[in-house]
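Below is one structure, written out as C-alpha cells, with a few remarks after it.
Please treat every number below as a calculation from the coordinates, not as lab data. Here the structure is a predicted model, which is why all the values come from computation and not from measurement. Please note: Cβ atoms are built from the backbone with ideal geometry, for glycine as well, and neighbour counts cover all protein chains shown.
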C-alpha cells in the first residue's frame, strides 16, 4: 500500500523530538527497541504524512501513541480523532495509551500491543486504550 510521504521539515522535527522523549515514551521505547517485544520492529517519532507518531511498527502497520492528560481536552481529542482517521485511511492501526498506564503497567501495555499485532490472544482487563469506535476504553 502506498503511503503519503512526510514533508521534509518533519524529518528534522522528528529527530529533535527523539531527543526530548517523555518518561512514559522512554519507558515504552526501552521495552520495544531493538526488536525486544516479540521480534516487532518499532521506530520512534516516526513521520507519516504530515504527522509524527510516537511509535510505529511498519511491518504490522501499527502505531502506538502515548497521551498525556492534555489529550483529554476537547480540542486535542478532536484533532487526535482527525489524526487517527488519516492514519487508518493510510492503512495503520492506531493504539493510544495514557502516560500513567505506561508508567504503572508497562507489561499490560506491551501485552495489548502484542495482541493487536496478532502475536497473542486477547487478554481481559488490559490497560486503558482507544477502542475501534474511537472512544477511550478504561480498565481498572
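Once the piece of chain linking residue 36 and residue 120 is laid out straight, how much longer is it, given 0.36 nm per residue of separation minus the C-alpha distance between them?
My answer for the length gained is 28.7 nm.
When each pair of different Cα atoms in segment 57-121 is counted once in the 1/r mean, what is the Kirkwood radius in angstroms, to one decimal?
Across segment 57-121, the inverse of the average 1/r is 12.7 Å.
Quick check: pseudo-label points 7 Å beyond the Cα along Cα→Cβ at residue 103 and residue 50, how many nm apart are they?
It is 3.2 nm.
By count of other Cβ within 10 Å, fewest leading, how are 103, 62 ordered?
103, 62
Taking a ≥ b ≥ c as the square roots of the Cα gyration tensor eigenvalues, with a/c under 1.5 meaning rounded and otherwise prolate when a/b beats b/c, else oblate, which class fits segment 18-89?
Oblate is the answer for segment 18-89, as a/c is 1.5 or above yet b/c matches or exceeds a/b.
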